[in-house]
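Each remark here refers to the structure printed beneath this line.
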């Protein structure tokens, strides 16, 4: 480990690097476009009218701020630290994904782009993208692995109701990674009029930075809410990490608060040793994919290996580059949590709090089960409940052997 | 620049550059067929699980190759044996960053040099990120070959050309391999623009499928790259691919030789 930097909040550098990670590893055809996007994002960031429109939509369309909630019964059951939830699952469309989509579609409109594309795994980002496209009247094409299309029918139908075209992708294992490849291929051939709304804090610079900035509303609100309610900052933040957008959104505003510890929870699937997991940091190595350098699941020849998680939203063989940097710098710890642990935490949260959490968020809740004991009753752990679990009831029923 | 690469562009006719994916079918026999058919320069594709810039034909070739168990060591062995059989035919590896940098850029550069490779085209390392692989290749005596595209504007072109060696690969369509073909007039305009900015030979590829298209491009460019049409023949004909490859390559070569 190197000497800690003066601030953990001033990344990336001007070339889009978070330490050794990030960057712009794209084909030459896309380079001028990502450079344009960066220029336009800088201009938008400096434009009070842009920020005002973003804030206004978050308040009146998304329903922000999302509540900060003291989970009393879960706290009692775990018998350790006070457990608080950041309730991102109460957002319009049921997850944190919409925060980023609002920001990116405003950028697309600002850049004069007339068509929107996106990739989706579980369908949450697809639904959020289709939603903002309907809201702003832009045609929307969603690339989705054929395997995911088959197992996420309700979300496929939601996207169609919202007016989006859903394109099933047959290549590879026909899941999120392949959907992203196909979205990039479509983008390369349509750069003149098409904006690609990437759903997580990954991809070529400036995507990891701008997705983080749009999602940082989570952490900014949580920090202010916690101070107002308890007069202090939390001792520990926990969030699930696939690409890592809900986690970086919660963590980033706290990164320079040295007394706030942070844990990102990776999906361990059937266990790291089984090889069937989606834990890029714990079980992967640095490499280059989808426009950025970051930790990836790969073999010794650099071929990308398939990820596995019960949670479709975590089922991706990479992770956002800022997480790779935070991992190596030691500022954030990362913990693998398996399918079974997540499933157990899912059920406990339903019964004790009357909240059906997404399977993604259930990974963060499962980490809580492991950690709450290590903290005293006057300490505070804040968990990001990034999405609601209605979409997951079929998967859960199947795992529990229940026929619907 | 490698003398083999420069000699490919020093012939009295434009160079025919042919691409196939390593490990897809009997690659040695297929490569020999390309040479017999009249290919002036060989691009050997390194298979990758996520070929983001490629259309269906080359995607399928990558899947077939990896499905057959092709490793980086196998790609290098194919290159080394090609070099032994064809000491004078220039050979360029083309692929994606991750398999090239997995064991470190220096490892890859020296392994490729040892296998007799003359140049490397890496699709997803633009000049802005090329501070490790490019220098490692140059140090090993291998030419890093850059791509220019219809979206590469005048302001960016110098950056693309800086550190570019061997030849300049002009990707004639903003898109993926093997799909639509560019309008001839736009190719002519682009080649003229590029040749005004560099002394490097300019080879044009993406979407070139027939001898007629190749001939039209050969009238203005220093080289014509054909990939997907050949890769499709490998996919379609399997063990019988060499004779089909030889036939198409001969037809392409003949048109190119008489184009001007």
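The values are calculated or read from the model by the stated rules, or taken from the named source; none is laboratory data. From a predicted model like this one, the values you see are computed outputs, not experimental measurements. Cβ atoms come from the backbone with ideal geometry, glycine included; neighbour counts cover every protein chain shown.
Hey, can you tell me all the residues within the range A:339-355 that are crowded, with 22+ Cβ neighbours inside 10 Å and touching a residue at least 60 places away in the same chain (Cβ under 8 Å)? Walk me through it before giving the result.
Quick first cut of the range A:339-355, residues crowded, with 22+ Cβ neighbours inside 10 Å only: A:339, A:342, A:345-346, A:349.
Across the range A:339-355, the qualifying residues are A:339, A:342, A:349.
Does at least one position in the range A:6-19 carry a residue that is under 25 Å from residue A:330 (Cβ atoms), at pLDDT 95 or above and part of a strand (DSSP E or B)?
Looking through the range A:6-19, at least one residue is under 25 Å from residue A:330 (Cβ atoms), at pLDDT 95 or above and part of a strand (DSSP E or B).
Out of all the residues in the range B:92-111, which are away from chain A (no Cβ under 14 Å), under 18 Å from the mean Cα position of the chain (by Cα) and free of Cβ contacts under 8 Å to residues at least 60 places away in the same chain?
Narrowing the range B:92-111 to residues away from chain A (no Cβ under 14 Å): B:92, B:106, B:109-110.
When the remaining residues are screened for being under 18 Å from the mean Cα position of the chain (by Cα), the result is B:92, B:109.
The answer is B:109, and nothing else.
Taking the conditions exactly as written (away from chain B (no Cβ under 14 Å) and touching a strand residue (DSSP E or B) at 6+ places or on another chain (Cβ under 8 Å)), does residue A:44 satisfy them or not? Steps first, answer last, please.
Values: away from chain B (no Cβ under 14 Å): yes; touching a strand residue (DSSP E or B) at 6+ places or on another chain (Cβ under 8 Å): no.
Taking the combined requirement at face value, the residue does not satisfy it.
Output the qualifying pairs, or none if there are none: Cβ atoms under 8 angstrom, residues six or more apart or on different chains, first residue in the range A:393-404 and outside the structural domain of residue A:362 (by TED's automatic domain parsing) and in contact (Cβ under 8 Å) with a residue 40 or more places away in the chain, second residue part of a helix (DSSP H, G or I) and loosely packed, with under 10 Cβ neighbours inside 10 Å.
Partner pairs satisfying both residue conditions: none exist.
Being on the phi < 0 side of the Ramachandran plot, at pLDDT 95 or above and more than 14 Å from chain B (Cβ to nearest Cβ) narrows it down to one of A:319, A:304, so name that one.
Details: A:304 fails: more than 14 Å from chain B (Cβ to nearest Cβ).
Every option except A:319 fails the conditions.
Among the residues of the range A:78-104, which ones are within 19 Å of residue A:363 (Cα to Cα) and in contact with a helix residue (DSSP H, G or I) (Cβ under 6 Å, 6 or more places away or on another chain)?
A:78, A:80, A:81, A:82, A:83, A:86, A:95, A:96, A:97, listed by residue number.
For the range B:1-79, which fully contained helices (runs of 4 or more DSSP H) count at least 1 residues that are at the interface with chain A (Cβ under 9 Å from one of its Cβ atoms) and in contact (Cβ under 8 Å) with a residue 12 or more places away in the chain? Write out each step before concluding.
On the way: elements: B:3-8, B:27-37, B:56-67.
Because the criterion is at least 1 residues that are at the interface with chain A (Cβ under 9 Å from one of its Cβ atoms) and in contact (Cβ under 8 Å) with a residue 12 or more places away in the chain, the helices (runs of 4 or more DSSP H) in the range B:1-79 that meet it are B:56-67.
Taking strands (runs of 3 or more DSSP E) that do not extend beyond the range A:138-244, which have at least 3 residues that are more than 30 Å from residue A:372 (Cα to Cα) and touching a residue at least 40 places away in the same chain (Cβ under 8 Å)? Please lay out each step first, then the result.
Numbers: elements: A:140-145, A:165-169, A:194-196, A:236-240.
Filter on the range A:138-244 gives A:194-196.
Consider residue B:143 carefully, then state whether it is within 30 Å of residue A:191 (Cα to Cα) and crowded, with 18+ Cβ neighbours inside 10 Å. Quick ask: steps written out before the conclusion?
Numbers: within 30 Å of residue A:191 (Cα to Cα): yes; crowded, with 18+ Cβ neighbours inside 10 Å: yes.
The answer is yes for residue B:143.
Looking at (1) assigned to a helix (DSSP H, G or I); (2) in contact with a strand residue (DSSP E or B) (Cβ under 8 Å, 6 or more places away or on another chain); (3) more than 8 Å from chain A (Cβ to nearest Cβ), find the lone condition where residue B:160 falls short.
Every condition holds for residue B:160 apart from (3).
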